[in-house]
Each structure stands twice: as structure tokens, then as C-alpha cells.
Amino acid sequence: MSSIVLFGPPGAGKGTQAERITQQTGLPQISTGDMLRAAVKAGTETGILAKTYMDAGQLVPDEVIIDLIKERITHPDAKNGVMFDGFPRTIPQAEALADITAVTHVIAIEVPDERIVERICGRYSCAGCGNVFHDIFNPLGPDGCGCDRFVEKRRADDNEDTVLSRLGAYHDQTSPLADWYESAGIFHRINGDRAIDDITADILSALQ
Ligand code: AMP
């Protein structure tokens, strides 16, 4: 089993691109953020613990994340490889991942800090179909969202204070991984401050 990692700051567009890459490659998306939000919603022990960190814009402890991943990659859909979105985020997580699977490509979606806050504050999705919108850049149009009934959903941690903490965590704990993967020769930098289609095209060509 070999895998791809989507790497980048919060709000870089990893989730949006992950969906498109899944469609093109068939690799399942494993988003630790989505898994944690599901655990919070279900009120599990992991969810209750994770929520305090997520609300503060801090990283959830490595051992919690690594246990989630170890369990998830045992699912049958993971047997031919997966695409990680938002994992690994620390050196210990990357070390654990190296023991689990060979990473063939790390796709770094790069967006300057000053663009992140405006991208995150203002984003919302439809709870029904999952399509993502933005108050300014991509508002819900007269044609609706793709499902019968639009229900607006905003992430609790998509507010300015929490975004600044999340960016701090990214620079302190996650960005050092770039050197780690760059020295392995598998790190691909993609300019994420462009049209979504152009970014997807560059990612797909990096994966070839
Ligand atoms: P995301 O949806 O990837 O932006 O993640 C939302 C929040 O979940 C983050 O701000 C962290 O609190 C937590 N989280 C998600 N993935 C990880 C990870 N790999 N390591 C630690 N915390 C994570």
C-alpha cells in the first residue's frame, strides 16, 4: 500500500482538492479533521477530548490522531492506497505514518497567510450535499447548491481568533515537515492562490 499526503495551512483548499483527486484516482480521502468532527458530533470519548483542542485552534494530541489513523487504514477501501488530508501534522505523526505506509507524493498547497483568514472566515457548506461556498468569493447562487434543500453549515472553528491559532500551530508544528519530505524527494509545491481547476490540474500532473 502506498499513499499521498495533501499538505498545507488551514484554508488552503485541501478538502476541495481531495474530493477532486478522489474522483480522478479512486483513492479514498482520509481527513483527520472530518474524522474528529464526526467523533465530536457522535459524542465519543475521543470527540469530547478533541473538541477542547479544536475549539482552541490547537492540534489534538498525536497519540489520539495516530490511533484514529491506525484503525482507519484497516478498512477494506484503504488496501490499494489512500490520500491523507490534514495528516500528518507533526513529526511524530509523520514517523508513525512511515511505519504504516510508504508515502509516494506530498502535495503542498501553498497560500500566503494574509489570504487564509479571509478565505476561512466566510466559508460555509450545505449540510445536505457538502458543497462549499463563501460569502464573498463563491456565494450560493440562484440555482442553489446541488441538492434539493440547502441547509447552511459553518464550522465552529472558522472564526478569526481560532484561525490565527490554527495558523500558528501550522507554522510551529506542521511546516517543519516540509524539510522532512523535501529531503525525501517527494515534496511538490503547488500555488494554491489560483482558480480551483488550475490547482487540480497541477496536482494531477504532479501525481503522474
Ligand atoms: P482540519 O479540518 O484539517 O482543519 O482540522 C480541524 C482541527 O482538527 C484542527 O485545527 C485540529 O484541532 C484538529 N486536527 C485535524 N487533523 C489533525 C492532526 N493530524 N493532528 C492534530 N490535530 C488535528
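Worth pointing out:
- Checking each residue in region 3-22 for being among the hydroxyl-bearing types (Ser, Thr, Tyr) and open to solvent by less than 50 Å² (accessible area, probe 1.4 Å) picks out SER3, THR22.
- Contacts under 6 angstrom Cβ, first residue in region 129-142 being free of Cβ contacts under 8 Å to residues at least 40 places away in the same chain and more than 20 Å from ALA12 (Cα to Cα), partner open to solvent by 50 Å² or more (accessible area, probe 1.4 Å) and in a loop (DSSP other than H, G, I, E, B), 6 or more apart: CYS129/GLY146
- Number of residues in region 57-71 that are within 8 Å of the ligand (Cβ to nearest atom) and surrounded by fewer than 17 Cβ atoms within 10 Å (Cβ to Cβ): the value is 2.
- The residues on offer are THR74, THR52, THR25, and the sole one that is open to solvent by 40 Å² or more (accessible area, probe 1.4 Å), farther than 21 Å from LEU167 by Cα, free of Cβ contacts under 8 Å to residues at least 24 places away in the same chain and of a type in the set (Ser, Thr, Tyr) is THR74.
- Region 88-114, subset in a helix (DSSP H, G or I) and more than 26 Å from GLU63 (Cβ to Cβ), residue most open to solvent (accessible area, probe 1.4 Å): GLU114
- Qualifying residue in region 54-68 (condition: among the polar types (S, T, N, Q), modelled with pLDDT of 95 or more, in a strand (DSSP E or B) and touching a Ser or Thr at 6+ places or on another chain (Cβ under 7 Å)): no
- Verdict on VAL82 being more than 12 Å from the ligand (Cβ to nearest atom), open to solvent by less than 20 Å² (accessible area, probe 1.4 Å), of a type outside the set (S, T, N, Q) and closer than 18 Å to GLN93 by Cβ: yes
- Residue in region 30-43 that is open to solvent by 20 Å² or more (accessible area, probe 1.4 Å), in a loop (DSSP other than H, G, I, E, B) and either closer than 30 Å to ILE136 by Cα or in contact (Cβ under 8 Å) with a residue 40 or more places away in the chain (or both) present: no
- Residue within region 161-172 that is in contact (Cβ under 8 Å) with a residue 24 or more places away in the chain, open to solvent by 60 Å² or more (accessible area, probe 1.4 Å) and aliphatic (A, V, I, L, M) present: yes
- Test: GLY47 is modelled with pLDDT under 95, under 22 Å from ASP158 (Cα atoms) and open to solvent by less than 60 Å² (accessible area, probe 1.4 Å): no
- Region 174-197 residues that are among the polar types (S, T, N, Q), paired with ones that are not in a helix (DSSP H, G or I) (beta carbon under 7 Å, 6 or more apart): THR174/ARG89; THR174/THR90; ASN191/GLU110
The values are calculated or read from the model by the stated rules, or taken from the named source; none is laboratory data. Worth saying up front: this structure is predicted, and the values here are computed from it rather than measured. Here the Cβ is made from the backbone with ideal geometry for all residues, glycine too, and neighbour counts use every protein chain on show. Please note that ligands, DNA and RNA were not included when accessible areas were found on the heavy atoms of the full protein model with its side chains. Shrake-Rupley method; radii C 1.70, N 1.55, O 1.52, S 1.80 Å.
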